[in-house]
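J.: Before we start, here is the structure in question, set down as structure tokens.
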Amino acid sequence: MDSNRYEIRISGSGGQGIIISGIILAEAAGIYDGKYVCQTQSYGPEARGGSSRAEVVVSDDPIDYPKAMKPDLLLAMNQKACDTYIFDLKPGGILMVNSTLVKQLPTTRAIAIPFTQMARERTGKEMIANIIALGALASLTGVVSLRSLEAAVLSRVPKGTEELNKKALEAGIEAARGITDKSEEIGMEFYENIADE
Amino acid sequence: MNALKSGGCQLLLQGNEAIVEGAIAAGCRFFAGYPITPATEISEVMSYRLPAVDGTFIQMEDEIASMGAIVGASLAGAKSMTATSGPGFSLMQENLGFACIAEVPCVIVNVMRGGPSTGIPTQVSQGDVMQTRWGTHGDHPIIVLSVSTTQDCFSITVKAFNLAEKYRTPVIILADEVVAHTREKIFLPHPGEVEVIDRIRPNMPPDWYIPYEDTSRGVPPMAAFGEGYRYHVTGLVHDSRGFPTQRPDEVKGLMSRLFRKINQHFFDIQMVEEEATEDAEVLTVAYGSVARSARRATREARARGIKAGMIQLVTLWPFPRQVVEPMLRKVRAVLVPELNVGQVSREVKRVNQGVTRVETLNRIDGNLITPEEILSRLLKI
């Protein structure tokens, strides 16, 4: 039964671009890659600072239940998100964290990339950390093609920020490649913890 | 949002956005509303989509006025709609009754959130099922349709307008927070491919027009105000010319016609979707976003060798008895999962008349019932 169903949960705090990341990912997989997608979200009544969560389900078949049941991938953009959702992860699923804001990893199996720090250093804008994370996520999982992701990002971001966002995507893709290469060198599964700071 | 335009294309849309596209495809050209979570996106998107098709969008001072405005617009000949959530829907009840007795076609979207009162604005519930049926006072028939996917939000909205026009009645679309906010890829047909039904207009000279005349369908032709057909519209029980009456034969005539025009067309109005019901031994009856969990649970139960089936109710009112009743006779047990303490399950039990075992699965914590919860009940039932 829909064995190709892939569930992603992106979580962090309001203002980190969590929900727009979910929308971009869903548009890349659904409209540009032609798969079935469902994107849902959950947030509190606050505009900023509250917990924020977006989920994307991707499948080759029509999707019945629209939410993630056991995420295949959890992207935690802050410590609280990591602590709250880590145990929902499917056994063998991928935990990817923003190591600038996630300092305590509850498992040795995690991909830690300092998205916020990279955003600050490479573009001068912390808020673009979500796009760097999307680049890394797509590169590691292959759940969307990089070309579709780029098209979806460019269609959703404000005019005049296209180059900046492209640069952010590339930074994310590069960071993920660094991790896969390194894990091959030392003979580890790529999702083992390689903090790269 | 950047690609929001009708016409033969695939888009990633929220349920709320798809409702707007369905309304516009069905010919809706007037929207009056007051924003409220989780229905706000309907007002927001209407505010720029309607002007683009020469329609009118008005943000009203409250929901009482919103309902009044769409009744007025419809009497003037426009297909009209409003959208709200529980607290606003409560305020609309009085004018909704006016639309019932004056036979004014219009569509009201209620995106359910947790309640009563302001409740839990950002979370899901199905607490308003009975309110849609009996919210406005007095004995009256009503049509209520529920949606469970983004594609439904488009196509059921078109159907809602068609039924409203065909039977001169308000039609309520019952959505919920999950359906309204889930983004899915949907296919928007080219405007020419959508079946659109318009109200029958009078074809006699204005002097001969009898505005509430009985017809074989029970639905009198409807003139638009300003076209020369002068008539009286009132919330009082009225005679065939629209003027208040207390004559028992005229009172009975109007009231029975209001029921007859809906009842004699049950088969046109009742819509359900079935999954694996042919040889089912246990049946789930679900609607709205819960139907998606029920569909998955049914498939998982089948994969484990249980002969499970499900009926998804699209039409909630009038209750689709003709479909549900024979199914109840065929199966061993029935499960009704819903996000309240039992509203549709009461209807199922009424129709069942104690013949088959009917169990309920209720969740009232602001979250959607999961497929596992339904599956674990199906395994035990």
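J.: Please compute the Kirkwood hydrodynamic radius over segment B:275-380, one decimal place, Å, based on all pairs of different Cα atoms. Walk me through the numbers on the way to the answer.
T.: Working: mean 1/r = 0.0745 Å⁻¹.
Final number for the Kirkwood radius of segment B:275-380 is 13.4 Å.
J.: Where q = 0.13, 0.18 Å⁻¹, what log10 of I(q)/I(0) comes from the Debye formula for segment A:6-185, counting one point per Cα?
T.: Taken in order of the listed q values, log10 I(q)/I(0) reads -0.59, -1.21.
J.: Taking N as the number of residues in chain B, what is its alpha-carbon radius of gyration divided by 2.2 N^0.38 Å? It would help to have the intermediate numbers written out before the result.
T.: On the way: Rg = 20.9 Å, N = 381, 2.2 N^0.38 = 21.0 Å.
In units of the 2.2 N^0.38 Å rule of thumb, it is 0.99.
J.: Could you tell me how many degrees, from 0 to 90 and to the nearest 10, lie between the Cα long axis of helix B:248-263 and the main elongation axis, the longest principal axis, of the Cα atoms of chain B?
T.: Orientation of helix B:248-263: about 50 degrees from the principal axis.
J.: Still on this structure, please answer the following. Using only the alpha-carbon atoms, how far is helix B:150-167 inclined from the longest principal axis of chain B? Give it as 0 to 90 degrees, nearest 10.
T.: So the inclination is approximately 40 degrees.
J.: If you don't mind, there's one more thing I want to ask. What average number of partner chain Cβ atoms lie no more than 10 Å from the Cβ of the residues making up B:177-184? Numbers along the way, then the final one.
T.: Details: counts 2, 4, 1, 0, 7, 10, 14, 11.
Taking all residues of B:177-184 together, the mean is 6.
J.: Follow-up. Are there any GluC sites (Glu not before Pro) in segment A:86-191 that are in a DSSP loop and have at most 14 other Cβ atoms within 10 Å? List them by number. Could you put the intermediate results ahead of the total?
T.: Values: sites: A:121, A:126, A:150, A:162, A:163, A:170, A:174, A:184, A:185, A:189; in loops: A:189.
Those that pass, being in a loop and sparsely packed, are A:189.
J.: Note down the relative contact order for segment B:97-219 as a percent, whole number, built from C-alpha pairs under 8 angstrom at least six residues apart. The partial results should precede the final answer.
T.: Values: 168 pairs, mean separation 38.2, N = 123.
For segment B:97-219, the relative contact order is 31 percent.
J.: Now a separate question. Please report the spacing between the Cα centers of segment B:246-294 and segment B:48-82 in Å, no decimals.
T.: Using only Cα atoms to place each centre, the spacing works out to 28 Å.
J.: Got a sec? Which residues in segment B:49-84 would a label at residue B:118 touch, if it sits 7 Å along Cα→Cβ and we count backbone N under 14 Å?
T.: No residue passes the distance filter.
J.: Could you run the Karplus curve 6.51 cos²θ - 1.76 cosθ + 1.60 with θ = phi - 60° over segment B:310-319 and give me ³J(HN,Hα) per residue in whole Hz, x for Gly and Pro?
T.: In residue order, the calculated couplings are 9, 10, 9, 7, 8, 7, 8, 9, x, 4 Hz.
J.: Provide the percentage of antiparallel DSSP beta bridges, counting only those with both residues in the protein assembly as shown; round to the nearest 5.
T.: Details: 33 of 80 bridges.
Here the antiparallel bridges make up roughly 40 percent for the protein assembly as shown.
J.: Could you list A:147, A:109 in order of exposure, starting from the residue whose Cβ has the fewest other Cβ atoms within 10 Å?
T.: On the way: A:147 12, A:109 15.
The order, fewest Cβ neighbours first, is A:147, A:109.
J.: Taking a ≥ b ≥ c as the square roots of the eigenvalues of the Cα gyration tensor of segment B:68-211, is the shape rounded (a/c under 1.5), prolate (a/b larger than b/c) or oblate?
T.: Values: a/c = 2.66, a/b = 1.33, b/c = 1.99.
Taking the square roots of the gyration eigenvalues as a ≥ b ≥ c, segment B:68-211 is oblate.
J.: Over the Cα atoms of the protein assembly as shown, what is the Rg over Rh ratio if Rh follows Kirkwood?
T.: Values: Rg = 26.1 Å, Rh = 25.5 Å.
Answer for the protein assembly as shown: 1.03.
J.: For segment B:130-283, evaluate the Debye formula with one uniform point scatterer on each Cα (no solvent term) and list log10 I(q)/I(0) at q = 0.17, 0.18, 0.21 Å⁻¹, rounded to two decimals.
T.: So the normalised log intensities work out to -1.14, -1.22, -1.43.
J.: Another question, then. In segment B:225-273, with Lys and Arg counted as +1 and Asp and Glu as -1 at Cβ, which of these residues, B:234, B:259, B:269, has the Cα nearest the positive end of the dipole, that is, farthest along it?
T.: It is B:234, whose Cα lies furthest towards the positive end.
J.: Compute the Kirkwood hydrodynamic radius of segment B:235-298, taking the inverse of the mean of 1/r over all pairs of distinct Cα atoms, and give it in Å to one decimal. Let's see the in-between values first.
T.: Working: mean 1/r = 0.0641 Å⁻¹.
Result for segment B:235-298, one decimal place: 15.6 Å.
J.: Of A:125/A:166; A:125/A:182; B:330/B:380; A:67/B:185, which sit over 24 Å apart, Cα to Cα? Please list the in-between numbers first.
T.: On the way: A:125/A:166 14 Å; A:125/A:182 28 Å; B:330/B:380 19 Å; A:67/B:185 15 Å.
Violating the 24 Å Cα-Cα cut-off are A:125/A:182.
J.: Only bridges whose two residues both fall in segment B:9-193 count here: according to DSSP, what percent of them are antiparallel, nearest 5? Numbers along the way, then the final one.
T.: Values: 8 of 30 bridges.
Around 25 percent antiparallel, to the nearest 5.
J.: How far, in degrees from 0 to 90, does helix B:15-25 lean away from the longest principal axis of the Cα atoms of chain B, to the nearest 10?
T.: 40 degrees
J.: Given the options B:149, B:83, B:42, identify the residue whose Cα lies farthest towards the positive end of the charge dipole of segment B:9-193 (+1 on Cβ of Lys, Arg; -1 on Cβ of Asp, Glu).
T.: The residue sitting farthest along the positive end of the dipole is B:149.
J.: Ok, one more. Can you tell me the alpha carbon radius of gyration of segment B:23-109 divided by the globular rule-of-thumb value 2.2 N^0.38 Å? Display every interim value, and only then the final one.
T.: Values: Rg = 11.7 Å, N = 87, 2.2 N^0.38 = 12.0 Å.
That works out to 0.97 for segment B:23-109.
J.: From Cα pairs below 8 angstrom and at least 6 apart in sequence, can you work out the relative contact order of chain B, rounded to a whole percent? Numbers along the way, then the final one.
T.: Working: 829 pairs, mean separation 62.8, N = 381.
For chain B, the relative contact order is 16 percent.
J.: Sticking with this one: Test of the criteria: in segment B:18-114, which GluC sites (Glu not before Pro) are in a DSSP loop and have at most 10 other Cβ atoms within 10 angstrom of their Cβ?
T.: Working: sites: B:21, B:41, B:44, B:61, B:63, B:94, B:103; in loops: B:61, B:103.
Within segment B:18-114, the qualifying GluC sites (Glu not before Pro) (loop, at most 10 other Cβ atoms within 10 Å) are B:61.
J.: Restricting the count to DSSP beta bridges whose residues both fall in segment A:6-185, what percent are antiparallel, rounded to a multiple of 5? Numbers along the way, then the final one.
T.: Values: 16 of 27 bridges.
Rounded to the nearest five, the antiparallel share is 60 percent.
J.: With +1 on each Lys and Arg Cβ and -1 on each Asp and Glu Cβ, and nothing else charged, work out how big the dipole of segment A:6-185 is about its Cα centre, in Debye to the nearest 20.
T.: Numbers: 20 positive and 21 negative charges, 100 e Å.
For this selection, approximately 480 debye.
J.: Grab the Cα-Cα distance for residue B:139 and residue B:304, subtract it from 0.36 nm times how many residues apart they are, and report the gain in nm with one decimal. Don't skip to the answer; put the middle values down first.
T.: On the way: separation 165, 0.36 × 165 = 59.40 nm, distance 4.66 nm.
54.7 nm is the gain from fully extending residue B:139 to residue B:304.
J.: May I ask you to derive the relative contact order of chain A, considering only C-alpha pairs under 8 Å and at least 6 residues apart, and to give it as an integer percent?
T.: 21 percent
Any read-out appearing in this document is the output of simple, stated calculations on the displayed coordinates, not a laboratory observation. All values derive from a computational prediction rather than experimental measurement. Virtual Cβ from ideal backbone geometry, glycine too; neighbours counted across all protein chains shown.
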